[in-house]
Amino acid sequence: MWLLESILLALSLCADCFAVTTCSSITLREVSWKKVAPIALVFGFVQTAFLAAGWLFGDMFVGLVEHIAKWIGFLLLLYVGGSMLLKTLLNKAEKPLELNGFKNVILGAIATSVDALAVGISLPMSHPETRYLVSSLGSVFVITSLSVIAGMYSGQALGMRLGRIAEIVGGIVLIGIGVSMLH
């Protein structure tokens, strides 16, 4: 069960990365493996680092808020998942981020990884085993990197169709994980 939860967590967190890189690939003159691989690695690394940082921060404060921990985790995941859903359902169109240049790649990776920080803070509150942490970090890195590769190669046509669906599914999965913490 922990492996499936890790994979679902990774899939939900990478929805923004997929959507951003799908839309942003329009601005690239050429989508080649030489250009895509470093971008995928940066997004995967930043997403994983934010999840780990959130986890460490949350782990430091679990003892202080243990009696309300499951509610804090639920509320954080509800906020992140709900925000993803609302933004998508209300059609809050954002100008695609141009991924030309290292600075823009880093900014894009950070912008799409803030939710991983919030989710990471909530995870220690449900007292998961160490193998869940390891599998979550590994899953987030691999799946985020793969989603960026898929997003960059799919371009505008898929971005207009699946980018929205990916964010809706990601939001629902995060809310579902939050609800499961209440049991």
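The values are calculated or read from the model by the stated rules, or taken from the named source; none is laboratory data. Being a predicted model, the structure only gives us computed values, none of them experimental. For neighbour counting, all protein chains shown are included, and Cβ atoms are generated from backbone atoms with ideal geometry for every residue, glycine included. To get the accessible areas, we keep the full protein, side chains included, count just its heavy atoms, and leave off ligands, DNA and RNA. Shrake-Rupley method; radii C 1.70, N 1.55, O 1.52, S 1.80 Å.
Summary of values
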quantity	calculated
Residue under evaluation LEU85, criteria (1) open to solvent by less than 10 Å² (accessible area, probe 1.4 Å); (2) within 18 Å of the chain's Cα centre (by Cα); (3) at pLDDT 70 or above, criterion not met	(1)
Selection count, the range 11-59, where residues are open to solvent by less than 10 Å² (accessible area, probe 1.4 Å), modelled with pLDDT of 85 or more and either among the hydroxyl-bearing types (Ser, Thr, Tyr) or more than 24 Å from PHE102 (Cα to Cα) (or both)	2
Filtered residues of the range 121-155 (kept if over 19 Å from TRP2 (Cβ atoms), of a type in the set (Ser, Thr, Tyr) and open to solvent by 60 Å² or more (accessible area, probe 1.4 Å))	TYR153
Out of LYS103, LYS70, sole residue that is among the basic types (Lys, Arg) and at pLDDT below 75	LYS70
Unique match (being at pLDDT 75 or above, assigned to a helix (DSSP H, G or I) and under 27 Å from TRP33 (Cβ atoms)) among SER135, SER122, SER139	SER139
